[in-house]
Amino acid sequence: LPLEEDSNLKKELEERYPSALDSCALQSIIPKGAFLLENKAGMAPGMLFKKGVSSFIFLPGVPQETMSIFENGVEKFLKEQFPSLISKKEKSLYFCGLKESQIDPHLRTLQGLYPEMELGIYPSYGYLYVSAKSHEEKSLQLMEETLLEEFGDFYFETSSGDLLGAIHHYFLENGLTLSLAESCTGGDIAKRIVS
């Protein structure tokens, strides 16, 4: 695209940075047809181009400036253009003592029943969690009910995202104490829970 000077941008930059007029002039030369995204944290504006069904967003590399432009312009644009992606609800279920292969067939069945739902399974040492995203709250509820009916004995709740955090929370919430006698583990279980 040919470059051209944006007089409005130049005027605004000169008012904000009167001691850097040369830089203001350079930053005001932009590709023709660009929609400017205001940079409240620096000079270089973000730029948005639309071509057919595609959109291209260019942001300066300075993290503070990138975040400012994103929060003040890009985020709004994305929400307007792709509301279905932004508004998906998410549900995570945590299970201990299960293998991925045990729960995967049930997820495939659920995926067939609710094709709009995004399902993922994430194994870790000793536990795994299932993540589901959908526009439909009902789909998430049915997914949860189905998995808990089948694997409720292995389910645990956690806000920290791990099993040790869930154990800690459960004991605090129920006024319980935990004693450990370790030999082969060398105190590792107690250390991890205390941490």
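Laid out as a table, the results:
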read-out	value
Among the candidates GLY46, GLY97, residue that is buried (at least 17 other Cβ atoms within 10 Å of the Cβ) and among the small types (Gly, Ala, Ser)	GLY46
Helices (runs of 4 or more DSSP H) within region 105-195 that include 2 or more residues closer than 30 Å to PHE82 by Cα and either under 28 Å from the mean Cα position of the chain (by Cα) or not aliphatic (A, V, I, L, M) (or both)	137-151
Pairs with Cβ under 9 Å, 6+ apart, first in region 33-62 and charged (D, E, K, R), second open to solvent by 70 Å² or more (accessible area, probe 1.4 Å)	GLU38/ASN72; LYS40/ASN72; LYS50/PHE35; LYS50/PHE56
Wholly within region 1-67, strands (runs of 3 or more DSSP E) carrying at least 3 residues that are over 15 Å from PHE77 (Cβ atoms)	3-5, 29-31
All positions within region 113-147 that are open to solvent by 80 Å² or more (accessible area, probe 1.4 Å) and hydroxyl-bearing (Ser, Thr, Tyr)	TYR122, TYR125
Region 78-91, subset in contact (Cβ under 8 Å) with a residue 40 or more places away in the chain and surrounded by 14 or more Cβ atoms within 10 Å (Cβ to Cβ), residue nearest to SER55 (Cα to Cα)	LYS88
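The values are calculated or read from the model by the stated rules, or taken from the named source; none is laboratory data. Treat the numbers as computed from the prediction; the structure is a model and nothing was measured. So basically every Cβ, Gly included, is an ideal-geometry build from the backbone, and we count neighbours across all protein chains shown. Keep in mind that these areas ignore ligands, DNA and RNA; they rest on the heavy atoms of the full protein, side chains included. Shrake-Rupley method; radii C 1.70, N 1.55, O 1.52, S 1.80 Å.
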